[in-house]
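Let me begin by presenting the structure, written as structure tokens, before commenting on it.
The values are calculated or read from the model by the stated rules, or taken from the named source; none is laboratory data. Small disclaimer: the values here were computed from a predicted structure and weren't measured. Cβ: placed from backbone, ideal geometry, glycine included. Neighbour counts: every protein chain shown. When the accessible area is computed, the model is the full protein with side chains, heavy atoms only, and any ligands, DNA or RNA have been set aside. Shrake-Rupley method; radii C 1.70, N 1.55, O 1.52, S 1.80 Å.
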Amino acid sequence: MSETIDAFLKENRTFPPPTEFAKQAWVNNDDPYKRAEDNYEKFWEGFASELHWFKKWSKALEWKPPHAKWFVGGKLNISYNCLDRHLSAHKNKAALIWEGEPGETRTLTYYDLYREVNKFANVLKKFGVKRGDRVSIYLPMIPELPIAMLACTRIGATHSVVFSAFSAQALRDRNQDSQAKVLITADGYYRSGNVEKLKERADLALKESPSVKQVVIVKRMGNAVTMESGRDHWWHELMQEADDYCKPEEMDSEDPLYILYTSGSTGKPKGVLHTTGGYLTGVYATNKWVFDIKDNDTYWCTADIGWVTGHSYIVYGPLANGATSLMYEGSPDYPQKDRFWAIIEKHNVNIFYTAPTAIRTFMKWGAQWPEKRDMSSLRLLGSVGEPINPEAWIWYHETIGKGRCPVVDTWWQTETGSILITPLPGHTILKPGSATKPFPGIAAMVVDEHGKEVPPGTGGYLVITKPWPSMLRTIYGDPDRYVKQYWNKFGGKFYFTGDGAKRDKDGYFWLLGRIDDVINVSGHRISTMEVESALVEHDAVAEAAVVGKNHEIKGQAIVAFVTLGDGYKPSDQLKEGLREKVKEVIGPIAKPDAIIFSDDLPKTRSGKIMRRILQDLAEGRPVGDTTTLRDPGVVERIKQQL
Ligand code: WTA
């Protein structure tokens, strides 16, 4: 941690908001901060009042730590807020602009999207899906994905979106945990010009997903699929027969909205549960102010909807704002390395939100690619997923934004639902590498092991000290884990983020990465535990320990230390086999970059693997104290394998 702090301390460039930008921005002074400071409940009520409620709440917040209820007694429907509410002013405005990897586009106006969502809601109803039932959605980046999500919200079903690049096993585990009744998937999708056969993976998962009774398949590719009669149905056939109006359910503010699985430091993925009124208020407010979204903006967030960024800032935030949200199906380098810039040029994108790992990749590919394209439409840039290093920030600001566009570095998590630490682009003086300050109404602190605030410049744990509307309410099916993981560390007083941070003398936050056993690969959280258990599933593996190593592009790369069982010999072929195993169990994103075979792992006398030592070895740093090891010689033996 101290190395990162030193490096950041050298960064003292500042960027005030451009005058023209500030003039037109939603926020250009510190009034909102003051108002929120005075009364944060009232502050959030202001945003909630901009939404449509069938029945107004009676109380803004009921806080029985660590359980919060927001807008108590209020009734609303999310699809109504994202669609019906806009039909008078924006009926024919583009809600979604979709571009497929081969280059075709589909634009859905608010009315188009409204009609599709109503119809699909009726399809789900026909299958007996009711309020509170869970629906798994395993779809690539095609319009049917947001349609399916919004259809769930229309009838009050809880969706669980599973990232389409996840493996069959990952889908199976999520189906089982959520006890989903229906699965929505597709025949396949494009990735870098190739066909990914999604239905095949879904079929494997379905063999062990007994709760799933009906499956809906979108025909995206036309590749051959096996259809199980009575269970499998084509989306387009169902939609032909569906009625085009479905009355929106009046949901309680605290009714579940969705489950999204994410990696934690121990055991299986956690089903983060978000509810209705608070979540929508949080994403609506932050999408409006952080991205300064205006009626005629074309806004593009490049995340996959399989991750929380896509849930909050491709679907719910922009649509709640009546904005135009762009969605792209494929790879950034297909057919060429300028695809993103070509999309910005073609659709006249004004606001662009991506991840540091992507920015570093673009830097490596070179400025000649963006320079070929006219990107003068851009007025605001955003970053999310991991700390952005000042060098990448500056490149983004200069090469993509031509020095004209503020860069909002937004810190948040699956659990927080919406952005918590961020600049407001018309007001905040930016410092490259800092996510700057908490959004109005959010209270954050950096504390030591005992929960005491640390002085400026000192690293510590990032905690959130007041409840906020879009916070997770629980871990689905595991309420104890919610309390243990997020609240116990500081005696129930603070929400524990699992991130390290420091504040500078101006009160700016500088994020220092995860401090638990979670690796952040290209902005995606992967638990060391899960990769280890995937490796151990391989016949040849006796034991495995996984650590993250700094990586120029990906932020962190996965390094696996593996001890083989008797009778197995290290080989390159075996390494490939192990990487394949991880891909099969989790997905390609978790494949280790390096695998190091070793006859043993560094362990304490009580048998605990000392990942700190493995981390030093992986990073090529001198290894610290090894005297507590049962067998200190193991360190030398591993070194010889490097
Ligand atoms: C990291 C993604 C530094 C952090 C929205 C957090 C960041 C984890 C930033 C959440 C940022 C996200 N600066 N680190 N701007 N944004 N992170 O749940 O470690 O996929 O805890 O949510 O990503 O990842 P998740």
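Summary of values
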read-out	value
Accessible area (Å², 1.4 Å probe, nearest 10) - H67	90
Accessible area in the full protein assembly, largest first, 1.4 Å probe, for S79, S58	S58, S79
Kirkwood hydrodynamic radius (C-alpha pairs) into Stokes-Einstein, segment 441-508, 4 °C and 1.567 mPa s, D in µm²/s	102
Inter-site label distance for E200 and E241 at 7 Å from Cα along Cβ, in nm	3.1
Magnitude of the charge dipole, segment 522-639, Cβ model with Lys/Arg +1 and Asp/Glu -1, debye to 20	360
Rounded percent of accessible protein surface that carbon and sulfur make up, segment 71-220, 1.4 Å probe	46
Candidates per trypsin sites (Lys or Arg not before Pro) in segment 311-404, loop by DSSP, up to 11 other Cβ within 10 Å	none
Modelled FRET efficiency - R0 30 Å, S571 with A224, Cβ distances, 0.05 increments	0.25
Estimated FRET transfer efficiency (I429, E37; beta-carbon r; R0 30 Å; 0.05)	0.95
Two-site label geometry, N550 and E250: point separation in nm, points 7 Å out along Cα→Cβ	5.8
Computed over the chain: relative contact order in percent, which uses C-alpha pairs under 8 Å that are six or more apart	13
Share antiparallel - DSSP beta bridges, the chain, percent rounded to 5	60
Segment 29-128 - Rg over Rh from alpha carbon coordinates, Kirkwood radius	1.11
Accessible carbon and sulfur surface of segment 522-639 relative to its total accessible area, %, 1.4 Å	48
Cut-off 14 Å between beta-carbons: net charge of the residues surrounding V195, Lys and Arg +1, Asp and Glu -1	+1
Distance violations [Cα-Cα > 32 Å] among K125/K207; K56/K431; K34/K93	K56/K431; K34/K93
Label-point gap, in nm, between K364 and E636 - each point 7 angstrom along Cα→Cβ	3.6
Positive-end extreme of charge dipole, segment 522-639 - chosen from F561, L614, L578 (charges on Cβ)	L614
Along principal axes, Cα extents of segment 522-639, largest first, whole Å	38, 36, 24
Per-residue HN-Hα couplings for segment 177-192 [Karplus 6.51, -1.76, 1.60; θ = phi - 60°; Hz; x = Gly/Pro]	5, 8, 6, 5, 8, 10, 10, 10, 9, 9, 5, x, 7, 8, 9, 6
Solvent exposure, largest accessible area first (probe 1.4 Å, DNA, RNA and ligands not counted), of K125, K119	K125, K119
Viscosity 0.890 mPa s, temperature 25 °C, Stokes-Einstein D of the chain from Kirkwood C-alpha radius, µm²/s	97
Heavy-atom surface of the chain, accessible at 1.4 Å and reported per residue (Å²)	38
Under 16 Å from K489, Cα to Cα: aspartates and glutamates that are on another chain or at least 8 residues apart	D448, E449, E453, D480, D499, D516, D517
Estimated [θ] at 222 nm from DSSP helical runs (n ≥ 4, -39500 (n - 2.57)) normalised by residues in the chain, nearest 500	-8500 deg cm²/dmol
